[in-house]
Amino acid sequence: MKNVAILGSTGSVGKSTLEVIKQNKDKFCIELLMANTNYELMIEQYNEFSPRYVYLEDPTAQKSFLDRVGGINKETSFLTSENDLNNVLSSDATEIVVAAMVGVAGLKPVYQAVKHKKKVLLANKESYVVAGEILNNLSQESGSTIFPIDSEHSAVHQCLQGVKDQKSVSRIILTGSGGPFLNRDKNEFESITPKEAVSHPVWNMGNKISVDSSTMMNKCLEIIEARWLFKTKNIDVLIHPEGIIHSLVEFIDNSMLAQLSVPDMKIPIAYGLGFPNKLNSVSSSINFEEISGLTLRKPDLQKFPALNLAKSCIDIGGTSFAILNAANEVCVEAFLAGKINYLDIYQIVSKVLDNSTINDVKDLNDIFEADESSRSNTKELINKI
């Protein structure tokens, strides 16, 4: 039995992780369930899975949870601080950490998990985007394993199994559905509403990542993440609306491997939890008889210019990743709140990146300073609109 800590258990990835564990309960125990504010769903998860620890970041949510539960059972301890969380993540009892939080807020707990030699299942791409080099170096020192569980990077990982020489890989191709506006005229983009932007045609995701998918900023971040995960800059993107082919790897002999499955996060989660063994993912299989075709095409960079920012940041390096990510997080939040329009997201992010001083990254403090500065600069531009 492996003890699993889930950071962000009430989000879409966290809930999918619990579904997989529920079907493989002879192999996993829940060590920790953590969320931010959703105490109502946390109560349901607490009652069903009997975790050893529960942690809600928001103090109001903590109080509401305890008031509603009316006294936590003696098998579970309720954490009240970040220090308590770090103690659980550093404990020998915690073996697997699922990083399913959204945003750069996930960086500190991910860092703690890597530092203490945990198997980290990474869905929190922002942590790896802003601190990929630091986390890579730390994992080498500690012996931790960082395992991607978003569909694209999990697919690449699967395609690379058995590849002994990294030099035999010529490039990685990430696929993307193109989001809800793939076939919409760019002249209509200014009128796009938050409700439209969060309505993804293939995946069921949270609001922030759904907006990122619609602008293809999500794919921009995934390119950067792949650069750190697979230690290559040879990364391309193809649009694949059906969401069946999740990534491809091309080799120097011009052959390719691709990973295919229905678009269901439970599949890469099960792959990560069970690796190197296979688990029941509680997902359906592909029925090729019902698929009219599989299409792949180049992305339209005029409609989705956010993709260009990935290469720019990879070339620049340093704090550019943190600046990009922070500016985007603030802009998406502002868009969802009705403070800016859809096209403002890219324009503001690009402007903040262009106007920022890029510094070298020596430690996490450099990243957090760049993050804070970028957020301040982004809010200043938003307030001028």
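Tabulated data for the structure shown
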| item | result |
| --- | --- |
| Residue, surrounded by the most Cβ atoms within 10 Å (Cβ to Cβ), within region 10-28, restricted to residues that are aliphatic (A, V, I, L, M) and either over 14 Å from the mean Cα position of the chain (by Cα) or in a loop (DSSP other than H, G, I, E, B) (or both) | Val20 |
| Contacts under 9 angstrom Cβ, first residue in region 220-246 being hydroxyl-bearing (Ser, Thr, Tyr), partner modelled with pLDDT under 95, 6 or more apart | Thr232/Gln166 |
| Residue that is surrounded by the most Cβ atoms within 10 Å (Cβ to Cβ), among those in region 166-202 that are modelled with pLDDT under 90 and more than 24 Å from Gly338 (Cβ to Cβ) | Val202 |
| Complete set of residues in region 215-246 that are in contact with a Leu (Cβ under 9 Å, 6 or more places away or on another chain), crowded, with 24+ Cβ neighbours inside 10 Å and over 12 Å from Glu152 (Cβ atoms) | Met216, Met217, Cys220, Ile224 |
| Filtered residues of region 301-344 (kept if farther than 18 Å from Val211 by Cβ, buried (at least 19 other Cβ atoms within 10 Å of the Cβ) and either free of Cβ contacts under 8 Å to residues at least 60 places away in the same chain or more than 17 Å from the chain's Cα centre (by Cα) (or both)) | Cys313, Thr319, Ser320, Ile323 |
| Enumeration of residues in region 331-347 that are of a type in the set (Val, Ile, Thr) and assigned to a loop (DSSP other than H, G, I, E, B) | Ile340 |
| Residue selected from region 351-367 under the condition within 22 Å of the chain's Cα centre (by Cα) and part of a loop (DSSP other than H, G, I, E, B), by the criterion surrounded by the fewest Cβ atoms within 10 Å (Cβ to Cβ) | Asp363 |
| Residue within region 110-118 that is crowded, with 17+ Cβ neighbours inside 10 Å, over 18 Å from Leu364 (Cα atoms) and touching a Phe, Trp or Tyr at 6+ places or on another chain (Cβ under 7 Å) present | no |
| Criterion (more than 27 Å from Gly179 (Cα to Cα) and in contact with a Gly (Cβ under 7 Å, 6 or more places away or on another chain)) met by exactly one of Ile358, Ile367, Ile316 | Ile358 |
| Only listed residue being in contact with a Ser or Thr (Cβ under 8 Å, 6 or more places away or on another chain), surrounded by 12 or more Cβ atoms within 10 Å (Cβ to Cβ) and β-branched (Val, Ile, Thr), chosen from Thr37, Thr60 | Thr37 |
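The values are calculated or read from the model by the stated rules, or taken from the named source; none is laboratory data. If you're wondering where the values come from, they're calculated on a predicted model, not measured in any experiment. A quick note on method: Cβ atoms are made from the backbone with ideal geometry, for glycine too, and the neighbour counts reach across all protein chains shown.
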